[in-house]
Amino acid sequence: MSLAIVDQIANAITDRVALMVDNDAYEIGIAEVVVPTRVGEFTPRDRQIVIVQGDDERVPDLDIPGNPPGIARRQTWNIRCHLMPDEGSGEDAVNQAAADIVKAITTPNSTWHNWGGLAINTELGRIEYVSFDGGPDGVNLPIHVLYRVSEYSPFVSRI
């Protein structure tokens, strides 16, 4: 079964973030990476990363001519890290988690943004700190991936 380009990019994102699990190259020990199903059945736990597909938008200014034309889209993914610190913990775990996510996403350094030739560019969004009851409970890093597909087939990349 062929996957749409957007799904291939999602898999590449998941693969990079999954490298954080039990990896000493990162400061925060990540327990697992979850991509929720449609019904979202998973239990939040400490040091868990959840990858959620966000909004998609058309970028007509970056379309390209051809037969068929290439249609540009910008897809957002939210990379959420749940942290359940004890009462004595500070915000350092949240900051470390954010830094580790950036490190995982931007590896390999020189071509990280094109996801193996599937995308034109990727932008890291504003780091969002999630806090309940006054304590740090996690971080969300939205990433915005700009890619182009054939007008007639979302399975064909048109970079």
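I'd like to check something: does the range 89-110 contain any residue that is among the acidic types (Asp, Glu) and not in a loop (DSSP other than H, G, I, E, B)? Looking for residues that are among the acidic types (Asp, Glu) and not in a loop (DSSP other than H, G, I, E, B), one finds at least one in the range 89-110, hence yes. Tell me, which residue of the range 118-130 that is more than 14 Å from the chain's Cα centre (by Cα) and modelled with pLDDT of 95 or more is surrounded by the most Cβ atoms within 10 Å (Cβ to Cβ)? Among them, the one singled out is ILE120.
Within the set ASP61, ASP55, the sole residue that is outside any loop (DSSP other than H, G, I, E, B), modelled with pLDDT of 90 or more, more than 20 Å from GLY117 (Cα to Cα) and in contact with a Ser or Thr (Cβ under 9 Å, 6 or more places away or on another chain) turns out to be ASP55. Could you tell me whether the range 143-152 includes any residue that is at pLDDT below 95 and within 27 Å of GLU32 (Cα to Cα)? Looking for residues that are at pLDDT below 95 and within 27 Å of GLU32 (Cα to Cα), one finds none in the range 143-152, hence no. Based on what the data block shows, is ASP133 at pLDDT below 95, over 17 Å from ASP61 (Cα atoms) and touching a Ser or Thr at 6+ places or on another chain (Cβ under 8 Å)? Judged against the criteria, ASP133 is not a match. Within the range 26-58, restricting attention to residues that are hydrophobic (A, V, I, L, M, F, W, C) and in contact (Cβ under 8 Å) with a residue 24 or more places away in the chain, the residue that is surrounded by the most Cβ atoms within 10 Å (Cβ to Cβ) is ILE49.
From the list VAL6, VAL39, VAL50, VAL17, which one is out of contact with any helix residue (DSSP H, G or I) (no Cβ under 9 Å at 6 or more places or on another chain) and closer than 15 Å to ILE105 by Cα? If you could, list the steps in order and put the result at the bottom.
Values: VAL6 fails: closer than 15 Å to ILE105 by Cα; VAL39 fails: closer than 15 Å to ILE105 by Cα; VAL17 fails: out of contact with any helix residue (DSSP H, G or I) (no Cβ under 9 Å at 6 or more places or on another chain).
Just one listed residue meets the conditions, VAL50.
The C-beta contact set for the range 109-134 (first residue over 15 Å from SER157 (Cβ atoms), second residue part of a loop (DSSP other than H, G, I, E, B) and of a type outside the set (Gly, Ala, Ser), distance under 6 angstrom, 6+ apart or interchain) comprises TRP112/THR106.
The values are calculated or read from the model by the stated rules, or taken from the named source; none is laboratory data. As the structure is a computational prediction, the values presented were derived from the model and not from experiment. Here Cβ is always computed from backbone atoms with ideal geometry, including for glycine, and neighbour counts include all displayed protein chains.
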